[in-house]
Structures are given as C-alpha cells and as structure tokens.
Amino acid sequence: DTGVSQNPRHKITKRGQNVTFRCDPISEHNRLYWYRQTLGQGPEFLTYFQNEAQLEKSRLLSDRFSAERPKGSFSTLEIQRTEQGDSAMYLCASSSPSDLEQFFGPGTRLTVL
Amino acid sequence: KQEVTQIPAALSVPEGENLVLNCSFTDSAIYNLQWFRQDPGKGLTSLLLIQSSQREQTSGRLNASLDKSSGRSTLYIAASQPGDSATYLCAVRPDTGGFKTIFGAGTRLFVKA
C-alpha cells in the first residue's frame, strides 16, 4: 500500500494557461474525491467519483474545471484558462467500498501568476 | 446547510499537557465525522473516524468523542509532545445520501518543548 499519490507536487503557471493534475488512489479504493484548500481554511469539496462515474460536483466546480476518472483508477483534474483566484492546494482522497474513511494524498500546490 | 466550526483557532501548550480540541456542527444528521492532522504544506493524515452510531474512538494517545444531538465532537490528546504540533481538522459527512464532506477551518496546535 503506497498511499494516495498526486502529481505534480507544485505547479506555477501564467494566467490564462491550462493545467492538469493527476491523482492515483490507493489500489482497490473505488471512491475518489477532489478538494481545494486555501491558506488558513479547511479543504472544500469539489467532486466525487465512484469507480468511473462522477456522482457529485460542487458549485465551486465552474465550467473551467473538469475532472475525469476514465478507467476507475487514476483521476485527472483540469483547469482551463487559469485565474489568480485558482491559486490553492488541490487535494485528492480515496476510500474503500466498505469503509468511508478518507485517505489523502500530499496535494498539488498551484500558483497562478 | 451544514457548517463546521472549530474552536480555538490556535492553541499553544507546554509539553506533557493533556488538551481538548473542539468541533461543532450545525446539523445533527451526519453519517460520520473524521479527525485529521495536517502538517504545514502537506496533505491530511487520518486520525480517527467516528460513525454516527458510535460515541467515541481511541487510537494511542488520541480519543475522539461524538455527541450528535448537541452537534459536537472533541479530540482529546494525552501527554502532548512537540511532534503533535500541527493543524487538526474535523470533517463531517452529512447524512443526505450524497458524498460531500464538510471541513472546519482547523485548530493550529503548538506544543512547546
């Protein structure tokens, strides 16, 4: 069990560029969550996958954000036309079918200049 | 709308002291409550998960209690150590059939040697 991994760990981009983050959950965890965290705040829920199906999306997930989990394993989160307000830590978590305890990855820190 | 509040926002204690961190939530209809630890710039580490039917969970020097009717949970840390210095977050999953998890803003703990 290698835990949840996220890549890249840090991303610096210019406003208007597109970025994509990857999350690899714990193997055999069929539930996957994306969160966004800004300084001094708790994580905010963005979206949830059960296997390959995206079952819940937050209103925070504007049309510039899209998430996929094509084969029910890893997931990607893409932000198009980035804005300075998108600067945050993007966290991924996974949980098993039988236990809803969430295990988090190290996060991807995005800085939009 | 479920809201989660953590008090105090920050706490500084001498090494060896027993301490209590508080978490309150506005809607008692919850599925579970989870406590996490977060070190600066890192992801979240799961500490304890309490299902809605449970009153408390223990792991080592940590004990978490849940009182759904009053909308409160406490995390008790015994014999605090400098290595316990971190931000502690509580998170609630509402019992609404969805998968959104709502976090508090956290309590920043500093244990002085």
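So the values come out like this:
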{"item": "Residue that is modelled with the lowest pLDDT [pool: residues in segment B:36-56 that are within 7 Å of another protein chain (Cβ to nearest Cβ) and touching a strand residue (DSSP E or B) at 6+ places or on another chain (Cβ under 7 Å)]", "result": "B:Gly43"}
{"item": "Some residue of segment A:91-101 being of a type in the set (A, V, I, L, M) and farther than 19 Å from B:Ala105 by Cα", "result": "yes"}
{"item": "Qualifying residues in segment A:88-113 (those that are among the hydroxyl-bearing types (Ser, Thr, Tyr) and open to solvent by less than 40 Å² (accessible area, probe 1.4 Å)) - the one nearest to A:Thr13 (Cα to Cα)", "result": "A:Thr108"}
{"item": "Pairs where the first residue, in segment B:70-85, is surrounded by fewer than 12 Cβ atoms within 10 Å (Cβ to Cβ) and the second is of a type in the set (Asp, Glu), C-beta under 9 Å, 6+ apart", "result": "B:Ala79/B:Glu15; B:Ala79/B:Glu17; B:Pro82/B:Glu15"}
{"item": "Residue among A:Arg36, A:Arg81, A:Arg31 that alone is surrounded by 15 or more Cβ atoms within 10 Å (Cβ to Cβ) and under 16 Å from A:Leu110 (Cα atoms)", "result": "A:Arg36"}
{"item": "Number of positions in segment B:20-29 that are open to solvent by 10 Å² or more (accessible area, probe 1.4 Å) and closer than 18 Å to B:Ile77 by Cα", "result": "3"}
{"item": "Conditions (1) more than 9 Å from every other protein chain (Cβ to nearest Cβ); (2) at negative phi; (3) more than 12 Å from the chain's Cα centre (by Cα); number of the one not met by B:Gly16", "result": "(2)"}
{"item": "When residues of segment A:5-20 are limited to those that are within 13 Å of chain B (Cβ to nearest Cβ) and open to solvent by less than 70 Å² (accessible area, probe 1.4 Å), the one nearest to the chain's Cα centre (by Cα)", "result": "A:Gln6"}
{"item": "Test result for B:Arg61, touching a residue at least 40 places away in the same chain (Cβ under 8 Å), among the basic types (Lys, Arg) and surrounded by 13 or more Cβ atoms within 10 Å (Cβ to Cβ)", "result": "no"}
{"item": "Residues satisfying the stated conditions in segment A:84-113, i.e. touching a residue at least 40 places away in the same chain (Cβ under 8 Å), in a loop (DSSP other than H, G, I, E, B), over 13 Å from the mean Cα position of the chain (by Cα) and within 10 Å of chain B (Cβ to nearest Cβ)", "result": "A:Leu100, A:Gln102"}
{"item": "In segment A:40-72, residue most open to solvent (accessible area, probe 1.4 Å) [restricted to those that are in a loop (DSSP other than H, G, I, E, B) and within 11 Å of chain B (Cβ to nearest Cβ)]", "result": "A:Arg59"}
{"item": "Answer residue from segment A:21-39, given it is assigned to a loop (DSSP other than H, G, I, E, B) and among the polar types (S, T, N, Q) and is nearest to the other protein chains (Cβ to nearest Cβ) among those", "result": "A:Thr38"}
{"item": "Extreme residue, most open to solvent (accessible area, probe 1.4 Å), among residues of segment B:86-112 that are within 10 Å of the chain's Cα centre (by Cα), among the hydrophobic types (A, V, I, L, M, F, W, C) and at the interface with chain A (Cβ under 7 Å from one of its Cβ atoms)", "result": "B:Phe103"}
{"item": "Search result, residues across segment B:30-58 that are crowded, with 21+ Cβ neighbours inside 10 Å and β-branched (Val, Ile, Thr)", "result": "B:Ile30"}
{"item": "Test result for A:Thr76, crowded, with 18+ Cβ neighbours inside 10 Å and touching a Lys or Arg at 6+ places or on another chain (Cβ under 7 Å)", "result": "no"}
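The values are calculated or read from the model by the stated rules, or taken from the named source; none is laboratory data. Remember, predicted model here, so these are calculated numbers, not experimental data. Every residue, glycine as well, gets a Cβ built from its backbone with ideal geometry; the counts of neighbours run over all protein chains shown. With ligands, DNA and RNA removed, areas are computed over all heavy atoms of the protein, side chains included. Shrake-Rupley method; radii C 1.70, N 1.55, O 1.52, S 1.80 Å.
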